[in-house]
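Shown next, in structure tokens, is the structure this report addresses.
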């Protein structure tokens, strides 16, 4: 029983880290919003033809970006904890971690283009929004709300670290 409690706590700590990044890291929110739009167009509207293998590749690409962003946050906070001064080694650590996120994000975008670059899907999407202009208005409203979420987040800003993005 003691092992299960420890396991449950470790999951709680992990979720706390994810929610921290969601709350305080703007770039993390950008990734989450982009994923939400992609998955909504794939699942809810079903414009794109995607195989199970392609779904798996998309999931992996997205997981890489999210994981890299979480590691980047951990590196930034660790460097900030180690020294309140701006040092060259601290800058290199932060820049390298951010570079890892960028590499993963570029890979994810290329993966998305390779899988979702389907002309027929975009034609179908255009027809859908032309036939239902009110749905286009809903889409535009969702983009406005997503932009507010990205740049404003929720809650007060963290004073624990000197995040470069959030």
Fill in: Filter pass, residue 41 being in a helix (DSSP H, G or I) and touching a helix residue (DSSP H, G or I) at 6+ places or on another chain (Cβ under 7 Å)
no
Worksheet item: Listed residues 125, 64; which is part of a helix (DSSP H, G or I) and at pLDDT below 95?
Response: 125
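The values are calculated or read from the model by the stated rules, or taken from the named source; none is laboratory data. Source: prediction; values computed, not measured. Heads up, the Cβs are rebuilt from the backbone with ideal geometry, glycines too, and the neighbour counts pull from every protein chain shown.
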